[in-house]
Structures are given as structure tokens and as C-alpha cells.
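The structure appears below as C-alpha cells.
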Amino acid sequence: MNEQLEFTTDERQQVQQFYTELKEKIATSLNPGDEGRLHHYLQEVTEQGKLERDVFGLNPVVNSLQTALLVVDEIGLRRDAVLAVLLHPAVASGFLSIDEAGEQYGLAVGRILHGLQRIQELYKNNPVVESENFRNLLLSFAEDMRVILIMIADRVNLMRQIRDTENEEAKRQVSEEAAYLYAPLAHKLGLYKLKSELEDLSLKYLEHDAYYHIREKLNATKQARDAYIKRFIGPIERKLTEAGLKFHMKGRTKSIHSIWQKMKKQHCQFEGVYDLFAIRIIIDCPVEKEKQQCWQTFAIITDMYTSNPKRMRDWLTVPKSNGYESLHITVLGPEEKWVEVQIRTERMDAVAERGVAAHWRYKGVKAEGSMDEWLNGIRQMLENTTGMEAMDQFRMDLNTDEVYVFTPRGDLLKFPKGATVLDMAYHIHTKIGSACTGARINNRVVTFRQELRSGDQVEILTSSTQRPKQEWLNIVKTSRAKAKIRLSLKETQQKDALLVKEMLERKFKNRKLELEESIMMRVIKKLGYKEASDFYRDLATETLDVQTVIDKYVEIQQGLQNNKHSATATLQSAEEFELTANPLQAAPSSQLTDDVLIIDRNLKGLDYQLARCCNPIYGDDVFGFVTINGGIKIHRCDCPNAPEMRRRFGYRIVKAKWSGKGSSQYSITLRVIGNDDLGIVNNLTSIISKDEKLVLRSINIDSNDGLFRGNLVVMINDNTRLESLIKKLRTVKGVKQVERI
């Protein structure tokens, strides 16, 4: 249990000192009556001891005053943010309600306190704080941007205070959060100074030996470093002064954390890090002369020292997207050492130092769509130190674009605004999505239509009897869920179609009818169905009566028998033409062949299958792909899936080539497109029938507006005979295109 708060003599003195200092800094932004109410509040919590110390034994009132000073000095916030920081310990402990604070100090203060409370509740989910999603979730929870700025300042202050704490586990957790969560947040907001302090302190607490090793090295080399800088800048100062420029120069040493990261990245010792510091030349001149004098300085320095053109950065001619302006050059100084020199004006330096632009897209911070615009808006707010009230009306665009929810285990998932429980179920797994009946959100049972909201903890509910339905496509928001539902519906329809086919076969046997696939396809079209899947679906759902199908089948069968053609059949067009050969004529393309393939390093006799996606045949350039279950699938080198397999699973691809010709025949499909002329079908089929080595398995041709498009499935020995067949088919009058698919 936390220790009841009793102020020590030192703490009482600190409260008085910090309060006096804070009051002087924000006096001009306070409203009438603020000072009296604030003084009464501090006196009350000091005397009554209703607050509690934290896990480190720190006094929350003292901490809040220190944090308030930090947000004023380092970030530039004023009245509303300061009051919210001071009142938050009382709100968190239940001593003061948010509504009461809002009534006494205004709606803006209440809104900031509400944001701080929401984030405090969010932590109870115990998320993985190093995830980018969690950082974005925090941002989406901040109704007022000052909430995030206060959080960063509070963590900086806490990191300063826990140096000597005995609670090592809590210290480690706080330090990890500082490195993985708060430092990146500060980085995104351009608060470079606070970001560096968080990184250095977290390194100090988490990797003590590395931190002090680098600090000692920096201290040991400081004198030599200062002497070198003096030798380097001396001649530059004289030249710039002679040129009549007003300026001052300063050095900037890398942070300990940055040095440590560079040592790890480059696998080197401290002595191997050469760019430990940079020289900054800051020119004092009117705005209209900025570029002229910066380039003049550049010319003077490059005349004195050899520059490295590969490491020059001109953000003067074309500023960074965030407005950052500066010239960065690297020159070879005394003792053959490379030195980075940054040239900018007082105005440019002021913008960078305030965190508006420093290292914005530099060092791994990437664009994030709407977040870029949003953060740029924040920077503009921070630049305008006299217009902080504008933040009261400021809202994040992210709130309207994305939601972040937790699984029961605390994993954080991101979805577009409007996503439902069903989206989340399919995101987790297709089987869970297909069996989803609803969810338990924050211990409340809802349907799978329920929209997700940021911060929800969602447990998916399933049932073994649940099946995906067509209307689910209108419920889900994400393309991923839609694709999975379509696939599940297709699989379900295929299963239903098999059951219906078995049922039809039984009905036909009862009527002593032989079911022929070619006649059934005519029945399907005559009944008005474009897709066989729709036909079987309606039979499965009893929308279509089986007796109607049988009657139509008998009608068409008798019509065909009455009009049966002799060997010299009447010429016909492609319209409604359908031919399906006896499936026993040939084996499927995936069957093992007696042709010989050499796989990988001259290995023969390995089991393999021919891939259905590209149907390779003897003579094709092929390769092998090792499947998950260890079998080998043979693909054509020009298979449509080949590029993706090589990109994602290059390690599972093995060489393969044909080495011996057997008697195997392969099933290949040709797509034919052309004019629907009289006799076109006879001309196509006659070419195939004249070749004894070719077997026509099926033709499926559709005609529309005088054009036909059809697929011919042919059994063939090798690709040489295939190429010959394609050439012959292209010679048929009216044929426009023949291609293998």
C-alpha cells in the first residue's frame, strides 16, 4: 500500500519556492481569482494529507510543481496546462472531480484533466508500450494536444527524480517507457532537447556501464576537443570578421545516447566515432540578406578547408518540408579530421531550437499520412507562443481516421474508422471470422455489427454452427475481411454444389436418367443462370425446384436426340456452344507423369506435382517450389505467380529441367477470341481432330454481339506440338487471338 502523504520540512519549502517561481512566470495568463483558488488548493492538500506518495516515495504535489515549471520553461505552455498539471494529483486520487475543476477553472482545464485521466485508465490494459500503434493510440486519446505535451514533461521530471530510488523494477519499467514511448513522442513533436534528455537518462538507468563509460570518455577528451575546436574556428572567426559579418559560433556535442547508438551500429569503440561534435555558425542579419550572407560564409569556409561534396546538405535553397533552413557542410580540418559545420541565421536557429523543426524527418522518423499534416499544425501552434488559446479548439485528424483496440491478452490492433467486430474477427483468423457471433467489449456482450472504438478491449465470441453469409460483405469495413468472406462463401458454395450434385444424381437414377454434364450446362443456361455456382446455390436453398430442373433436362435431351447430326454436321456458330469430353479420356494436369525431370542438383526420382496455376508441359522452362508439406510443385518460369514466389520465398525455389521424354500427355487450356462466323467451331475442332496425337477434352465458348470468347482444353505431348497447334488455330478465318492460359 502506498504511503500516506505527510510533507517533510524540505518538501514544504520546495512547494513554497516552486509556487512562487511558477506564479511569476504565468502571472500574465492567469484569470482573476485563479491565484486565490490555487493557493487555497495547495494549502489544503499540504495540510490535510489526502494524497499519497507514488511507488518511488515521491511527493505528488512537489512533482506537479516541478512538471508545471518544465512545461512553462521548455515547451512554452501557460495557464490552462499549468493548472491541469497542478490539479491532476487530486483528480487521480478522487480528492477533486473533473467537473468541479471545470467549474472552478474553466472547460479547457477540465478537458485536459479528462484526457490525462483517459490515458491513465488506458495504462491499466498493460499494453506493449514500444509499439507504434500504442503511440498513435495515446495521440488519439488526447482530446487536447497539451495532454501529450504534459505527459512528456511529466516523464522527463520523473526520470530526473528517480536516480537514487531503491525500487529498481519500477525504475526499469519507467526507463523503458521513456525510451520506447515518450522519447519517440517528443521526437515527433520536435522537442529535441527533451527527447535527448529522456534517451540519455533511460540509457543511464538501463545500461549503466555504457552510459558512464561514454560520459567518462567525453570528459577525458573534453579538453582536447575544446582545444581542437579553438584551433579550427580561430581562422574562420578572423575571415568572417574581415568580411564584415556579425555572427557568433558554438559547438554541439552529440548526446551520450546518440554516441552509444552509433557505436553499436558501426560495431566500434568510442574512439571510432569521429563526428562527436559539430560547429554551428549563427549569423545576425536582416531577413532579406539571409541567403546572401549564408552563402558568403560557405564560400569563405570552403576556401579555407577542403569540403566533402557528398556530405553537403542545402536546406537553404529548398527548406525541409517542416520549414527547417540551414547549410550543412563537412570539411577536412587540422590534423586531417572531418568536421561538420552548420551555417544558419539567428531566425533559423531560433526555430530549430524551439523544436519546430529539429531532426523532424531525420533519423528514422517516416511520413505517416495525415499525421504529418497534424504534427506540422502542432508545430505552428508551438511557434506562436502568444496564441496558445487556439489549442482549445484544436482536435486531431487521426481521431476520424483510425481506431485502436486491445485483445484480451493486451495486444493492440489498428483498424479504419467504422470497422466492426466482424473486421477484427477476420483480422485474427479466417476461421474465427467465419464462426463469429458477436463479442464481449469491456465486459459487455454486443453483436458482430458493433463498431469498434479506440481503447476498447474486445473478446470475440464464436459458435460452431455459425456460417458466413452474403450480407456480411455489407457489415465489414476492411478489404482484408471482405476478401476472406468472399473466399469463405465460395468454399461454402463449392461444398453445397457437391452435395446438390450428389442429390441430383440420385434423383436422375430414380428416374432412370443418365446425367450428362454437357446437357446440364445447357439446362443451367436455359434456366437463366450465367454461373453454375448460382444454379447450385439456388438448388441448395430450395429457391429452385429439382423437378423443374429434371423436366428441363428431359426436354433438352429429347430435342438433341431428335436433331442428332450425322457425321457431316450442320455448320454452327459459337453461340451457346458447349462441349465436354469424357473426363476419363485424360488425367488431370497435376498427376505425376512418366516424363523425367531433374530437380535441384541433378536429383532424379523425386516426387513432384505439376502446378495447376500455370499447367507446365514437357519442353517448358520450369522451376521447382518446395511447398509447406515438403512436396515439390513444378511451375513454368513465366507462371503469373513466379515473381511473387521469388520475392517472398526465394529460399524455397529449386532448379528443375526436363531430361527425358515419356508418353505423358498434358492438359492445357487455350483462350480463343474472334468473330462469331458461321462454321467457326467446326473449323477450330477439325484442326485438332486431324492430329492423332491431340485429344480435345472440352470447349466452352460464349458469344456476344458477334464476338466469341472461348476456352479449349486439349491433351498434348509437349510445347513444340503446342506451338504448332497455336499457329494453326491463328490461321482460322475470323480468329483474332489465341493464347495459352
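The values are calculated or read from the model by the stated rules, or taken from the named source; none is laboratory data. Given the structure is predicted, the values throughout are model-derived calculations rather than measurements. Here the Cβ positions follow ideal geometry from the backbone for every residue, glycine too, while neighbour counts run over all protein chains shown. Surface areas here come from the heavy atoms of the whole protein model, side chains and all, with no ligands, DNA or RNA. Shrake-Rupley method; radii C 1.70, N 1.55, O 1.52, S 1.80 Å.
Placing dummy labels 7 Å off each Cα toward the beta-carbon, the span from VAL654 to ASN675 is 5.2 nm. For the range 1-121, the share of alpha carbon pairs falling in successive 10 Å distance bins from zero is 13, 48, 35, 4, 0 percent.
Using the Cβ-Cβ distance between LYS414 and GLU121 with R0 = 22 Å, the FRET efficiency computed as 1/(1 + (r/R0)^6) comes to roughly 0.65. Could you tell me whether the range 205-303 comes out rounded, prolate or oblate from its Cα gyration tensor? Rule is a ≥ b ≥ c as square roots of the eigenvalues, rounded for a/c under 1.5, then prolate if a/b exceeds b/c, otherwise oblate. Prolate, because a/c is 1.5 or more and a/b exceeds b/c. Peptides 107-120, 294-307, 206-219, 644-657 ordered by packing proxy, namely the average of other Cβ atoms within 10 Å per residue, highest first: 107-120, 294-307, 206-219, 644-657. Peptides 83-93, 609-619 ordered by packing proxy, namely the average of other Cβ atoms within 10 Å per residue, highest first: 83-93, 609-619.
Within a straight-line Cα-Cα reach of under 16 Å, LYS50 cannot be paired with any lysines, leaving aside sequence neighbours fewer than 8 residues apart in one chain. Here the spin labels are modelled as points 7 Å beyond Cα on the Cα-Cβ line, and at ILE432 and ARG511 they lie 4.8 nm apart. Nonpolar atom fraction for the range 687-741, defined as the carbon and sulfur part of the 1.4 Å probe accessible area, stands at 43 percent. Extension gain, ASN474 to ASP691: 0.36 nm times the residue separation minus the Cα-Cα distance gives 72.9 nm. With both labels modelled 7 Å from their Cα along Cα-to-Cβ, the LYS193 to LYS246 distance reads 2.4 nm.
Convex hull volume per residue, computed on the Cα atoms of the range 453-531, equals 131 Å³.
Of all lysines in the structure, those lying under 22 Å Cα to Cα from LYS230, and not within fewer than 8 positions of it along the same chain, are LYS217, LYS222, LYS239, LYS246, LYS250, LYS254, LYS337. May I ask you to list the residues of the range 234-272 whose amide nitrogen lies under 16 Å from a point 7 Å from Cα along the Cα→beta-carbon direction of HIS213? Inside the label zone: 256-272. When the pairs LYS526/LYS552; LYS690/LYS727; LYS171/LYS193; LYS431/LYS490 are compared against a 18 Å limit on Cα-Cα distance, LYS171/LYS193 fall above it.
Normalised per residue, the accessible area of the range 53-104 is 31 Å², obtained with a 1.4 Å probe and no contribution from ligands, DNA or RNA.
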